[in-house]
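S.K.: Pasting in a structure now, in structure tokens, and then I'll have a few things to ask.
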Amino acid sequence: FSLIRQGLFLVLRDFQGLTQVIIPQDEAHSHVKELLSNAPVESVVRVTGTVSPRPLGQENPKMPTGDIEVKAETAEILNSCKKLPFEIKDFIKKSEALRMQYRYLDLRSCRLQSNLRLRSRVVMRMREYLCNLHGFVDVETPTLFKRTPGGAKEFLVPSREAGKFYSLPQSPQQFKQLLMVGGLDRYFQVARCYRDEGARPDRQPEFTQIDIEMSFVDQAGIQRLVEGLLQHSWPEERGSIMTPFPSMAYEEALAEYGTDKPDTRFGMKIVDISDVLRGSNIHFVQNALSYPHGSIRAICIPQGVRYLTNKDLESLKESAKSQFNQEIMEITRRPDGSLKSLLTKFLGEKEKSELIQALNMEEGDVVLLAAGEHKQVCSALGALRLLSANLLEAAGLALRDPTAFHFLWVVDFPLFLPKAENPNELESAHHPFTAPHPSDTSLLYSDPTKVRSQHYDLVLNGNEVGGGSIRIHSAEQQRFVLEKVLKEDSEVLSHLIEALEFGAPPHGGIALGLDRLISLIVDAPSIRDVIAFPKSFRGRDLMGNAPDYVTPEELEPYHIQVSWPLEEKEAKKN
């Protein structure tokens, strides 16, 4: 039970909700009164009694069972509860570490109960849609596999063969393509995936994907299937979602939102003002425009004068400097309509007027301007757009509807990107199995940097919730991409390349991040709030204390010895 009041009644909680139980006060039931009055909170109690309407005026409209109560006749404590490390109430502040350590208690909270039950219902509806309505086959793929070139780091699992290791797959990518070769033309799986990405907030080393692959399909076919899947499984209490979802090219997303996952719930788009300032004699403007990909861009913050402090504006500028090495210039439109900025003395009346028009500036708006290389400028302004939206909302301006769900397809990504550590070498923008855009196939052999891919991302409220592509189904093309473009050893993927030589059908697919999707549906602050037993942001299980040490004897069959850092050796001695 969850609480007792004045020895007169207690509230019993089970998976269906709360029920008020009246404790008998008469002498004949004194043993029931004593037992229930002395039971510690959160004990497991069995009560039998008579269900009756509450007295007139004592109904509780906030409780589903608020019209009735149970008059206890017998009671039994099945298991008493010892002193709790925290109260089981949603409004009680508990440290994340304590919640993780006692996760089985945290799971009793209404919020986690609701989240996990909603997750279960959504997954069940997804299974219905895919298997019963669209003929998909649910196939489990192996967890022990081998290393995949490129992509995220994988967890290694030692084997009893000296020097040989399994890898935990970061996704069932190769297996689902092999299933297409095997003639299982519509595959899906609620798949466990593993990525060794170290300490990253709001990422989990193991997570769940709704994994889908189809033969004889194009990009539009996958997109319509996923839209129907989400519409079918969408919880009724969250309203309805409209399909088809809008679509946006990667270049447009970067130019207008500064990111490949735009939050389209609000405006404040990035505006290109290069032509407005091209004729000016401002040194840093001319310097930026002299570069091949140079541009001047800006965002307009509505009512920024009223809602943002000088400290806020300084923090925005500092953020752009530290994260993107990008200087930011600020322009304010005063109540009299004039502009206030270090730039204004270099601008004529015509340029000022064009600037106001291009940015649609109202009195009291603040503009943040950036000059430099196109991608850097857009990325910096995209980050400032989100940060300033958070600041505006914190100051009381309603900018984004918290109940709105804005889905968006982002398409026409580049197939390859320059490596950060060596820009002369290329890496896959997503993974090496993505097919080039049909119009760009010839560029693959002449200028791979200009090739668009048949990759598509699904974005919800500025969060990536899915990604997929049409795959390469030609062994020759797959070998060329691996060996000649990416300079990878294709031998690691010889099984997949050989399979493509045995009459592989054209195929494509997508994976939806289930944890992220559910956390957005329920408006959870973290994906940890929609996973029953998550890891901490450092990848640790604080409840079971994993990962843990093993003895040298246990490592012996795997031909492994641990080389301890010096400080850990000393700590173990002591």
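S.K.: Pick out the one residue from PRO402, PRO423 that is under 22 Å from LEU517 (Cβ atoms), out of contact with any helix residue (DSSP H, G or I) (no Cβ under 9 Å at 6 or more places or on another chain) and at pLDDT below 95.
M.R.: Going through PRO402, PRO423 in turn, the sole match is PRO402.
S.K.: Sort out which residues of region 180-204 are touching a helix residue (DSSP H, G or I) at 6+ places or on another chain (Cβ under 7 Å), in a strand (DSSP E or B) and closer than 29 Å to SER526 by Cα, and write them in order of number.
M.R.: Scanning region 180-204 gives PHE188, VAL190.
S.K.: Also: Exactly one of (1) modelled with pLDDT of 95 or more; (2) surrounded by fewer than 17 Cβ atoms within 10 Å (Cβ to Cβ); (3) within 28 Å of the chain's Cα centre (by Cα) is unmet by PRO505. Its number?
M.R.: (3)
Here's the yes/no breakdown for (1) within 18 Å of VAL226 (Cβ to Cβ); (2) modelled with pLDDT under 95:
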{"position": "TYR456", "(1), (2)": "yes, no"}
{"position": "GLY462", "(1), (2)": "no, no"}
{"position": "GLY466", "(1), (2)": "yes, no"}
{"position": "ILE470", "(1), (2)": "yes, no"}
{"position": "LEU486", "(1), (2)": "no, yes"}
{"position": "LEU493", "(1), (2)": "no, yes"}
{"position": "LEU512", "(1), (2)": "yes, no"}
{"position": "PHE533", "(1), (2)": "no, no"}
{"position": "PHE537", "(1), (2)": "no, yes"}
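S.K.: To continue, here is another question. Sort out which residues of region 109-129 are open to solvent by 80 Å² or more (accessible area, probe 1.4 Å) and within 12 Å of LYS89 (Cβ to Cβ), and write them in order of number.
M.R.: CYS110, ARG111
S.K.: Would region 322-338 turn up any residue that is surrounded by 15 or more Cβ atoms within 10 Å (Cβ to Cβ), in contact (Cβ under 8 Å) with a residue 60 or more places away in the chain and either at negative phi or touching a Pro at 6+ places or on another chain (Cβ under 6 Å) (or both)?
M.R.: no
S.K.: Being more than 22 Å from LEU387 (Cα to Cα), open to solvent by 20 Å² or more (accessible area, probe 1.4 Å), at pLDDT below 95 and not in a loop (DSSP other than H, G, I, E, B) is the requirement here; does ASN287 meet it?
M.R.: For ASN287, the condition - more than 22 Å from LEU387 (Cα to Cα), open to solvent by 20 Å² or more (accessible area, probe 1.4 Å), at pLDDT below 95 and not in a loop (DSSP other than H, G, I, E, B) - is met.
S.K.: Those residues that are surrounded by fewer than 20 Cβ atoms within 10 Å (Cβ to Cβ) and outside any helix (DSSP H, G or I), I need them from region 438-460; list them, please.
M.R.: THR441, SER442, ASP447
S.K.: All but one of (1) farther than 23 Å from ASP515 by Cβ; (2) surrounded by fewer than 14 Cβ atoms within 10 Å (Cβ to Cβ) hold for ASP90, so report the exception by its number.
M.R.: (1)
This table checks each residue for (1) free of Cβ contacts under 8 Å to residues at least 40 places away in the same chain; (2) among the small types (Gly, Ala, Ser); (3) surrounded by 20 or more Cβ atoms within 10 Å (Cβ to Cβ).
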site	(1), (2), (3)
GLN231	yes, no, no
PRO246	no, no, no
GLU252	yes, no, no
TYR257	no, no, yes
ASP275	yes, no, no
ARG278	yes, no, no
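S.K.: May I pose another question? From GLY239, GLY279, GLY258, grab the single residue that is outside the structural domain of ASP457 (by the TED database) and either at pLDDT 95 or above or at positive phi (or both).
M.R.: GLY258
S.K.: Then there is this: Can you pull out the residues in region 340-363 that are open to solvent by less than 20 Å² (accessible area, probe 1.4 Å) and either assigned to a helix (DSSP H, G or I) or under 24 Å from LEU386 (Cα atoms) (or both)?
M.R.: Within region 340-363, LEU355, LEU359, MET361 qualify.
S.K.: For region 126-179, give me the residue count where each residue is touching a residue at least 60 places away in the same chain (Cβ under 8 Å), under 17 Å from LEU496 (Cβ atoms) and either in a loop (DSSP other than H, G, I, E, B) or within 26 Å of the chain's Cα centre (by Cα) (or both).
M.R.: Qualifying residue count, region 126-179: 11.
S.K.: Any residue at all in region 12-27 that is surrounded by fewer than 16 Cβ atoms within 10 Å (Cβ to Cβ) and of a type in the set (A, V, I, L, M)?
M.R.: no
S.K.: Still on this structure: Show the residue pairs that are 6+ apart or on different chains and have beta-carbon atoms under 7 Å apart, the first residue being within region 58-85 and free of Cβ contacts under 8 Å to residues at least 12 places away in the same chain, the second being exposed (fewer than 13 other Cβ atoms within 10 Å of the Cβ).
M.R.: GLU59/ASP67
S.K.: Right, something else. Filtering region 204-215 down to residues that are closer than 18 Å to LEU458 by Cβ and not polar (S, T, N, Q), which residue is most open to solvent (accessible area, probe 1.4 Å)?
M.R.: By that ranking, first place goes to PHE207.
S.K.: Identify all residues within region 464-477 that are free of Cβ contacts under 8 Å to residues at least 60 places away in the same chain and either surrounded by fewer than 17 Cβ atoms within 10 Å (Cβ to Cβ) or in a helix (DSSP H, G or I) (or both); write none if there are none.
M.R.: If the condition is that a residue be free of Cβ contacts under 8 Å to residues at least 60 places away in the same chain and either surrounded by fewer than 17 Cβ atoms within 10 Å (Cβ to Cβ) or in a helix (DSSP H, G or I) (or both), then SER474, ALA475, GLU476, GLN477 are the ones that fit.
S.K.: Any residue in region 478-506 that is in the same structural domain as GLN177 (by the TED database) and closer than 21 Å to SER167 by Cβ sitting within a Cβ distance under 6 Å of a residue that is open to solvent by 20 Å² or more (accessible area, probe 1.4 Å) and among the aliphatic types (A, V, I, L, M)? List the pairs, counting only those 6 or more apart or interchain.
M.R.: Qualifying pairs under 6 Å: ALA499/LEU178; ALA499/VAL181.
The values are calculated or read from the model by the stated rules, or taken from the named source; none is laboratory data. As the structure is a computational prediction, the values presented were derived from the model and not from experiment. Positions of Cβ are backbone-derived with ideal geometry, glycine not excepted, and every protein chain shown enters the neighbour counts. Calculation scope for accessible area: heavy atoms of the full protein, side chains included, ligands and nucleic acids excluded. Shrake-Rupley method; radii C 1.70, N 1.55, O 1.52, S 1.80 Å.
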